[in-house]
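**Student:** Have a look at this one.
The values are calculated or read from the model by the stated rules, or taken from the named source; none is laboratory data. If you're wondering where the values come from, they're calculated on a predicted model, not measured in any experiment. Here the Cβ positions follow ideal geometry from the backbone for every residue, glycine too, while neighbour counts run over all protein chains shown. Protein only, heavy atoms only, side chains kept; ligands, DNA and RNA dropped before computing areas. Shrake-Rupley method; radii C 1.70, N 1.55, O 1.52, S 1.80 Å.
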Amino acid sequence: MKFTINRLAFINALNNVLRAVSSKTTIPILTGLKLVVENDQIILTGSNADISIETTINQTDGEYALVVSEPGAIVLPARFFIEIIKKLPDQEVSIAINDGFQAVITSGTAEFTVNGQDANNFPHLPEVDGTSQVMIAPDILREVIEQTRIAVSKQESRPILTGIHFTLANGQLTAVATDSHRLAQRNVAVPTSEGQQYDVVIPGNSLTELSRMVNEVDGDVTMNFTDNQILFTFGQTKFYSRLLEGNYPETSRLIPTSSETTIELAADSFLASIERASLLSHQSRNNVVKLTINPSLSVAKISGNSADVGNVEEAINAELMAGNDLEISFNPDYMRDALKSFGSAKILMSFTSALRPFTLVPADDHDNFVQLITPVRTY
């Protein structure tokens, strides 16, 4: 095997695949990066227990200036190999494999010899049927992931809650995540064939990596579903993720359908108030702030105190207030994460009582995006 390639373009492709390579694995070869060199392209593959990423470098793509002298395949230690490529002195790098699975890496005056492994020992990627596919715009997919992954559970005691629940039916994709203290749900319309229905739970960590990768993708992302895998295809990259086993809890009944108190305000200005209040709450053991709403007086305020540090109180600028007077306490970190997902939009917060979960929705779209937070009992 022997080829030369533009070093900087090669680094970008390697970094994509590196997202799937874990330094902690019970299968030693998965700490490696698989390179398959064909006459007109290179296929790079990285994998761990949850995700596998395959990127293809085509000779026709002038950015890479790829010249293949001899095809072949090898697995090289991923992180070590990429660090070498990053620090090479010349714009071009040449890689050749000699007997015994040794890679000779040459650039300018530098030459490295790196021990590799037989590519035949690298696990095969899953077979994914290409007929059950759905297309979605990359910016929409990224937005759905970013707005829901904040509510994914970090506790392995309930593995199913460490994922995001994706359901697809009647041309609508619904994504839901909850850690039992908060919930995020987003609905988007996607074109589907008649009768296409899917119900899967994708690990939150997998979708976080995917979100970073589709940030600058041109063209739609294709999703292919199987019983235990999902494949996202975009550009020259294939992103495989395992699916979580089990039934996701029924969450629609958790979202209140009525309210006793509502307040409309700008998400970004309320976020700034929450961040100021949390400076104090983070100094106390319970990390709680209190929201007081008095529609009859058109007054709302945030307050918090720490026995060791002091207290804070700040008036809230609200567009509208309606309903009953209310005092409710909550974790400001949950509120901060929820507010960030709305950007600078105006939001409507709806409450039923001081001890019942409350919701945040965009003021101009109550149906397609909701964040739910469970309050904290302070007495």
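**Student:** Residues of region 108-124 being assigned to a helix (DSSP H, G or I) and either of a type in the set (V, I, T) or open to solvent by 50 Å² or more (accessible area, probe 1.4 Å) (or both), which ones?
**Tutor:** Scanning region 108-124 gives N120, N121.
**Student:** What about I145, is it under 22 Å from E250 (Cα atoms) and either under 23 Å from the mean Cα position of the chain (by Cα) or touching a residue at least 60 places away in the same chain (Cβ under 8 Å) (or both)?
**Tutor:** Here the answer is yes, as I145 does meet what is asked.
**Student:** Look at region 164-208 and say how many of its residues are open to solvent by less than 40 Å² (accessible area, probe 1.4 Å) and in a helix (DSSP H, G or I).
**Tutor:** Counting residues in region 164-208 that are open to solvent by less than 40 Å² (accessible area, probe 1.4 Å) and in a helix (DSSP H, G or I) gives 4.
**Student:** Further question: Residue under question is D268, and the condition is that it be charged (D, E, K, R), in contact (Cβ under 8 Å) with a residue 40 or more places away in the chain, open to solvent by 20 Å² or more (accessible area, probe 1.4 Å) and out of contact with any Leu (no Cβ under 7 Å at 6 or more places or on another chain); does it hold?
**Tutor:** So D268 fits the description; yes.
Conditions tested, residue by residue: (1) at pLDDT below 95; (2) in a strand (DSSP E or B).
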residue: F342; (1), (2): no, no
residue: I347; (1), (2): no, yes
residue: S350; (1), (2): no, yes
residue: V361; (1), (2): no, yes
residue: D364; (1), (2): yes, no
residue: D367; (1), (2): yes, no
residue: L372; (1), (2): no, yes
residue: V376; (1), (2): yes, no
residue: Y379; (1), (2): yes, no
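**Student:** Consider V104 carefully, then state whether it is in contact with a Phe, Trp or Tyr (Cβ under 9 Å, 6 or more places away or on another chain), assigned to a strand (DSSP E or B) and touching a residue at least 24 places away in the same chain (Cβ under 8 Å).
**Tutor:** Here the answer is no, as V104 does not meet what is asked.
**Student:** Considering each of Y248, Y240 in turn, give the residue that is assigned to a loop (DSSP other than H, G, I, E, B), closer than 30 Å to S132 by Cβ, modelled with pLDDT of 95 or more and among the aromatic types (F, W, Y).
**Tutor:** That would be Y248, the only listed residue that is assigned to a loop (DSSP other than H, G, I, E, B), closer than 30 Å to S132 by Cβ, modelled with pLDDT of 95 or more and among the aromatic types (F, W, Y).
**Student:** Kindly indicate which of V75, V144 is in a helix (DSSP H, G or I) and within 26 Å of L18 (Cβ to Cβ).
**Tutor:** Of V75, V144, the one residue that is in a helix (DSSP H, G or I) and within 26 Å of L18 (Cβ to Cβ) is V144.
Residues checked against (1) touching a residue at least 60 places away in the same chain (Cβ under 8 Å); (2) of a type outside the set (D, E):
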| site | (1), (2) |
| --- | --- |
| T222 | yes, yes |
| E250 | no, no |
| T257 | no, yes |
| T262 | yes, yes |
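**Student:** Give the residues of region 274-322 that are part of a strand (DSSP E or B), among the charged types (D, E, K, R), free of Cβ contacts under 8 Å to residues at least 40 places away in the same chain and surrounded by 13 or more Cβ atoms within 10 Å (Cβ to Cβ), sorted by residue number.
**Tutor:** K301
**Student:** Being open to solvent by 60 Å² or more (accessible area, probe 1.4 Å) and more than 15 Å from F3 (Cα to Cα) is the filter here; which residues of region 64-88 pass it?
**Tutor:** Scanning region 64-88 gives R79, F80, E83, K86, K87.
**Student:** Let me ask something additional. Condition check: open to solvent by 50 Å² or more (accessible area, probe 1.4 Å), among the hydrophobic types (A, V, I, L, M, F, W, C), part of a loop (DSSP other than H, G, I, E, B) and within 12 Å of T4 (Cα to Cα). Does A49 satisfy that?
**Tutor:** Working: open to solvent by 50 Å² or more (accessible area, probe 1.4 Å): yes; among the hydrophobic types (A, V, I, L, M, F, W, C): yes; part of a loop (DSSP other than H, G, I, E, B): yes; within 12 Å of T4 (Cα to Cα): no.
When the stated conditions are applied, A49 does not pass them.
**Student:** Return a yes/no flag: does region 225-233 have any residue that is part of a loop (DSSP other than H, G, I, E, B) and surrounded by 15 or more Cβ atoms within 10 Å (Cβ to Cβ).
**Tutor:** Scanning region 225-233, I find at least one residue that is part of a loop (DSSP other than H, G, I, E, B) and surrounded by 15 or more Cβ atoms within 10 Å (Cβ to Cβ), so the answer is yes.
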